[in-house]
1. Restricting the search to segment 287-299, which residues are buried (at least 16 other Cβ atoms within 10 Å of the Cβ) and closer than 23 Å to MET334 by Cβ?
2. Do any residues in segment 224-247 that are without any contact (Cβ under 8 Å) to a residue 24 or more places away in the chain and farther than 17 Å from ASP173 by Cβ have Cβ atoms under 8 Å from those of residues that are open to solvent by 20 Å² or more (accessible area, probe 1.4 Å) and polar (S, T, N, Q), where the two are at least six apart or on different chains, and which pairs are they?
3. Provide a single number: the residues in segment 175-211 that are more than 26 Å from GLY315 (Cα to Cα), surrounded by fewer than 19 Cβ atoms within 10 Å (Cβ to Cβ) and not hydroxyl-bearing (Ser, Thr, Tyr).
4. Every residue in segment 212-235 that is surrounded by fewer than 24 Cβ atoms within 10 Å (Cβ to Cβ) and not in a loop (DSSP other than H, G, I, E, B), please.
5. Are any of the residues in segment 253-264 of a type outside the set (D, E, K, R) and surrounded by 24 or more Cβ atoms within 10 Å (Cβ to Cβ)?
6. When the residues of segment 1-59 are narrowed to those that are of a type in the set (Asp, Glu) and in a helix (DSSP H, G or I), which ends up surrounded by the most Cβ atoms within 10 Å (Cβ to Cβ)?
7. Could you say which residue among GLU353, GLU273 is among the acidic types (Asp, Glu), in contact (Cβ under 8 Å) with a residue 12 or more places away in the chain and open to solvent by 10 Å² or more (accessible area, probe 1.4 Å)?
8. Assuming LEU268 fulfils every condition listed in (1) over 18 Å from the mean Cα position of the chain (by Cα); (2) within 14 Å of ILE182 (Cα to Cα) apart from one, which condition is it?
Amino acid sequence: MTIAPALPPHRRERLSGWMQAEDVTCAVLFGADHVAHLTGYARYFGGPSAVVVGAEGDCVLVVMQDEAPVARSAASAVEVIGFGERGFGIDLDPVASLVATVAALPAVASAQRIGIAAELPGADLRLAALLEATFVDAAEALRRIRLVKDWDELEKIGASYELCWLGQQAVADGAVPGTSEIELFTAAQAAAQIASGAPIEFVCDLLSGPNTADVCCPIHVAGTRVVQAGDVVVADVVVRSNGYWGDTAETHAVGASPEGAEARALLLDILEEARAMLVPGAKGSSVFEHVHTRIVEALPGGELPHHGGHGLGLGAFEDPHLIPSDDTPLEPWMVLAVEPGVYFPRRYGARVENVFVVTPSGGIELRRLLAETR
């Protein structure tokens with residue numbers, strides 16, 4: 001049984017602590033990621049939205065009028081308010097109505113100091129033009145809060161991660177001579193989306209044979225090349241559902257591929273070494289140095305031209321990063337996708353990737369952690 005550290009205070013509590021320290025009475029946060037983070041509400045093709053957070057962490061969600069009924073059933077908020085008029089595509093500047101509705105909320109209208117963060121361009125400036133309050137930038141505080149995940153966030157990342165692996169299985173099953181790259185790409189997307197039971201956001205590197213040496217999009221995008229016996233197929237499947245991303249990479253073989261199998265086996269060993277390094281206080285730069293050194297020393301002629309991994313959550317590529325310049329100390333309950341790869345120009349490439357949660361005993365693979373607590 002895995003022994004994980006005690007969970008941190010809930011993210012709303014952490015935000016409340018920042019608000020008290022900055023002497024702000026409410027925080028106004030514009031954009032879908034802020035809404036998903038603090039209310040759990042994420043909607044396919046959702047309109048512009050905002051969340052207003054009170055001093056005690058209570059949230060008021062503001063969404064488009066027609067979206068309000070579904071938001072009331074799905075969001076964790078004390079109140080959901082609809083803005084604007086009914087209909088779609090009629091108001092070409094819905095952000096103006098959103099800002100006006102937020103400004104009129106009693107908690108906002110009466111505040112002297114307001115925390116502010118805006119993913120919607122210009123929404124913060126529009127709000128400031130309507131109010132006399134002093135505004136305090138909350139963006140960095142929220143970035144720091146997002147680094148450390150709550151349990152419900154782990155479950156959402158885990159659900160998307162499982163969808164990624166279903167996509168990988170579809171690639172493995174379909175990687176036979178005569179199948180094209182775009183067919184494998186589509187099979188991965190279909191498997192993940194059908195299993196989700198709802199539309200997903202989907203990103204995928206799908207490379208085969210000599211194309212695998214090109215590493216990733218946009219250098220090579222899945223196309224009409226037909227896979228052949230002896231090829232390797234690299235699939236990096238990334239899925240977002242319910243507001244959170246999962247990420248995987250795997251190297252599949254079309255029949256026997258001794259070189260690909262050898263590279264994959266070594267990368268899995270390096271992945272395990274990197275996993276053990278994911279402890280509080282470790283730095284992404286140190287993990288990257290180890291991964292890079294092991295790859296270039298063990299596989300002469302091969303290169304690692306990309307990062308060694310990255311944070312995962314509301315973003316598919318977020319802080320912290322396993323790169324030479326990131327010295328951010330790791331903390332318990334950070335989630336990182338670790339992806340060592342090796343590429344031989346004009347010949348082939350290989351990559352593997354798993355998702356881990358940082359703990360004092362090293363990274364715990366996310367599926368394992370969730371399975372052991374069910």
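The values are calculated or read from the model by the stated rules, or taken from the named source; none is laboratory data. Small disclaimer: the values here were computed from a predicted structure and weren't measured. Neighbour counts are summed over all protein chains in view; Cβ atoms, including those assigned to glycine, are modelled from backbone coordinates with ideal geometry. Side chains included, ligands, DNA and RNA excluded: accessible areas come from the protein's heavy atoms. Shrake-Rupley method; radii C 1.70, N 1.55, O 1.52, S 1.80 Å.
1. Start the filter on segment 287-299 by keeping residues that are buried (at least 16 other Cβ atoms within 10 Å of the Cβ), which leaves 287-288, 290-292, 294-295, 299.
The answer is VAL287, PHE288, HIS290, VAL291, HIS292, ARG294.
2. none
3. So the count comes out to 5.
4. Passing the criteria: ALA213, ASP214, VAL226.
5. Taking segment 253-264 as the starting set, the residues that turn out to be of a type outside the set (D, E, K, R) are 253-258, 260-261, 263.
In the following step, the residues that additionally are surrounded by 24 or more Cβ atoms within 10 Å (Cβ to Cβ) were identified as 263.
Yes - at least one qualifying residue is present in segment 253-264.
6. ASP33
7. Working: GLU353 fails: open to solvent by 10 Å² or more (accessible area, probe 1.4 Å).
Answer to the check: GLU273.
8. (2)
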